[in-house]
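S.K.: Have a look at the structure that comes next, please.
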Amino acid sequence: MAAQQQQQLLMTHYQAAVDAHRSHNLQAALASYQEVIAINPGIAAVHNNVAAIFLSQGKKLDAEASWRKAIKLKPEYAEAHYNLAIILSERGDEHLPEAQQLCEQAIAHKDGYAAAHHLLGNILSSLQQLDDARTQYQLAEVLAGGGSTPSGGGAPAAATSAAASFRWEGVEIGHVRTLELPDGTRCEMETLALKPLVFRVDHFLTADECDRIVALARTRLKGSLVMGDASKAERTSSSVFLGAAEDALLPELQRRLAALTNLPLPQVERSEDLQVVHYSTNATFSMHHDSSKFHSRLLTAFYYLNDVPRGGETAFPAADKAMTPGEAMKLAEPAAHGLGLIVKPRRGSALLFYNHDESGAVDPTAVHAGCRVLEGEKWGANHWILVNAAPSAPPVAKGSAREATDAEPGAEAAERETESDGDTPSTGKNAAMNKKKREKAKLKKLHQAPASVGPSASLSSAWERGEAEGQAD
């Protein structure tokens with residue numbers, strides 16, 4: 001009877017933890033998880049979820065300790081290896097070799113782990129192993145599958161999600177609308193093109209804010225890579241991703257962008273981190289498209305952080321039927337042709353363009369280029385809003401200590417099936433009965449499409465129910 005009561009108490013605390021975690025009540029979730037650990041400290045998935053909460057609270061060392069505990073309890077725990085690899089990869093170059101090993105372990109323990117291949121590509125890129133990095137990016141894209149390409153094809157789910165997202169009406173070229181930002185300031189958004197839909201917002205950033213972003217990035221720049229369908233493009237810039245926790249300006253910029261796009265703030269927060277780019281004289285980024293199979297990007301917000309004496313324009317040669325996308329992709333120096341839309345850098349302005357059309361399909365006319373800098377230098381920053389970054393439950397922490405979010409679409413579905421099967425953490429008594437059900441749920445999860453994650457990869461919660469094979473030491 002005592003064992004049954006203990007099992008029931010454990011189940012009660014665990015369900016309370018899950019409910020609180022999904023409701024973003026992280027303190028209550030943490031307290032309930034710790035009650036579970038007090039009863040049975042050997043449940044690896046609980047330590048994984050505790051780590052996610054610690055990370056969202058900025059307690060990175062505590063998060064690391066919890067993920068190491070999860071791995072010790074369950075050495076084949078792919079998600080825990082992956083999560084730990086993320087925080088180590090963000091800590092500094094000296095931690096990259098261990099992060100690489102953890103990523104490789106995650107891949108070894110979970111077939112088709114696209115997100116882990118992508119993170120490994122990021123790590124190898126940081127280690128300047130660029131050929132190996134490209135291989136991992138290509139593997140990630142193949143494994144992700146079902147995405148969209150600039151030719152206009154796309155996964156039905158992604159297309160449906162993109163079609164359902166809010167988008168501003170272009171009205172006509174030159175149309176100006178006034179918008180109010182979260183701090184009460186007003187800005188004007190001008191329509192520059194109707195297909196693709198392109199807007200410019202002047203004075204979106206102040207001069208001081210531009211300088212602040214440049215200062216955050218200047219000493220951390222590394223050679224930019226191109227991925228997905230743009231993998232053959234020439235890109236000679238350098239770049240770095242900045243997590244929202246690094247400076248108070250960055251979450252403020254997310255709020256500002258959510259107001260500008262009229263998209264839910266969680267969708268902006270759960271998309272890719274801000275990428276700061278630097279182009280020296282003669283640097284360029286040739287014709288490419290921002291949305292790919294692995295990065296299904298609804299829209300791009302590009303911020304110009306300085307004025308460029310000559311060159312450095314953003315060119316959309318296929319805008320408003322000036323030429324076909326196929327013809328545009330063949331242009332080596334698109335600004336020289338003067339066709340389509342050519343946007344000159346204006347310090348503090350934001351260029352907003354949609355990579356998907358109203359139907360949700362990738363818009364092939366959104367191919368564009370960062371034109372060659374002919375004099376001086378160019379500083380800019382990309383905010384890419386993902387199609388599938390809308391809020392979902394259960395939550396889990398995302399890279400750079402942001403609010404919790406689930407990194408694997410479909411994990412929630414697998415979790416719900418597991419719950420309905422009655423598969424819960426166990427003190428040991430129900431292990432044999434639940435084993436087959438757990439394995440069934442895991443197999444279902446393996447067949448879910450991996451998430452689209454940016455170069456600052458998302459964390460994965462696992463949310464697996466079931467007892468660990470050993471007790472904590």
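Yes/no per residue for (1) in contact with a Pro (Cβ under 6 Å, 6 or more places away or on another chain); (2) assigned by TED's automatic domain parsing to the domain that holds ALA381; (3) modelled with pLDDT under 80:
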{"site": "GLY121", "(1), (2), (3)": "no, no, no"}
{"site": "ALA140", "(1), (2), (3)": "no, no, yes"}
{"site": "GLY174", "(1), (2), (3)": "no, yes, no"}
{"site": "GLU188", "(1), (2), (3)": "no, yes, no"}
{"site": "LEU192", "(1), (2), (3)": "no, yes, no"}
{"site": "VAL201", "(1), (2), (3)": "no, yes, no"}
{"site": "SER239", "(1), (2), (3)": "no, yes, no"}
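S.K.: Another question, if that's okay. Given the conditions (1) of a type outside the set (Ser, Thr, Tyr); (2) part of a helix (DSSP H, G or I); (3) modelled with pLDDT of 90 or more, and given that ALA52 satisfies all but one, which numbered condition is not satisfied?
M.R.: Unmet for ALA52, out of (1) of a type outside the set (Ser, Thr, Tyr); (2) part of a helix (DSSP H, G or I); (3) modelled with pLDDT of 90 or more: (3).
S.K.: Could you list all residues from the range 303-313 that are buried (at least 24 other Cβ atoms within 10 Å of the Cβ) and at negative phi?
M.R.: TYR303, TYR304, LEU305
S.K.: Considering only residues that are at pLDDT 90 or above and at positive phi, look in the range 335-394 and name the one that is surrounded by the most Cβ atoms within 10 Å (Cβ to Cβ).
M.R.: GLY340
S.K.: Further, regarding this structure: Here are some residues: SER237, SER292. Which one is crowded, with 23+ Cβ neighbours inside 10 Å and polar (S, T, N, Q)?
M.R.: SER292
S.K.: A further question follows. Sort through ALA318, ALA283 and tell me the only one that's over 13 Å from ALA366 (Cβ atoms), out of contact with any Phe, Trp or Tyr (no Cβ under 9 Å at 6 or more places or on another chain) and crowded, with 21+ Cβ neighbours inside 10 Å.
M.R.: ALA283
S.K.: Go through (1) closer than 30 Å to GLY376 by Cα; (2) touching a residue at least 40 places away in the same chain (Cβ under 8 Å) one by one and return the number of the condition LEU250 breaks.
M.R.: Answer for LEU250: the failing condition is (2).
S.K.: Here's another thing I want to ask about it. When ASN122 is evaluated against the numbered criteria (1) surrounded by 16 or more Cβ atoms within 10 Å (Cβ to Cβ); (2) more than 17 Å from GLY243 (Cα to Cα), which criterion, by number, is the only one it fails?
M.R.: ASN122 satisfies every listed condition except (2).
S.K.: Here is a further query. Check ALA336, ALA369 and return the single one that is under 20 Å from LEU197 (Cβ atoms) and either assigned by TED's automatic domain parsing to the domain that holds MET189 or not β-branched (Val, Ile, Thr) (or both).
M.R.: ALA369
S.K.: Further question on the same structure: With a cut-off of at least 3 residues that are closer than 14 Å to ARG372 by Cβ, name the strands (runs of 3 or more DSSP E) lying wholly within the range 279-331.
M.R.: Ranges flagged: 285-288.
For every residue, the table says whether it meets (1) touching a residue at least 40 places away in the same chain (Cβ under 8 Å); (2) farther than 21 Å from GLN254 by Cβ; (3) of a type outside the set (Ser, Thr, Tyr).
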residue	(1), (2), (3)
THR178	no, yes, no
LEU181	yes, no, yes
THR191	no, yes, no
ASP202	yes, no, yes
THR206	yes, no, no
THR219	no, yes, no
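S.K.: Within the range 59-116, take every residue that is acidic (Asp, Glu) and part of a helix (DSSP H, G or I) and give me the one that is modelled with the highest pLDDT.
M.R.: Only one residue tops the list, namely GLU98.
S.K.: Give the number of residues within the range 360-375 that are under 11 Å from MET287 (Cβ atoms) and touching a helix residue (DSSP H, G or I) at 6+ places or on another chain (Cβ under 7 Å).
M.R.: Of the residues in the range 360-375, 3 are under 11 Å from MET287 (Cβ atoms) and touching a helix residue (DSSP H, G or I) at 6+ places or on another chain (Cβ under 7 Å).
S.K.: When you check ALA16 against the structure, is it surrounded by fewer than 16 Cβ atoms within 10 Å (Cβ to Cβ) and small (Gly, Ala, Ser), yes or no?
M.R.: no
S.K.: Here is a further query. Across the range 173-187, what is the total count of residues that are surrounded by 12 or more Cβ atoms within 10 Å (Cβ to Cβ) and part of a strand (DSSP E or B)?
M.R.: 3
The values are calculated or read from the model by the stated rules, or taken from the named source; none is laboratory data. None of these values were measured; they are calculated from a predicted model. Methodologically, a virtual Cβ is constructed for each residue, glycine included, from the backbone with ideal geometry; neighbour enumeration extends over all protein chains shown.
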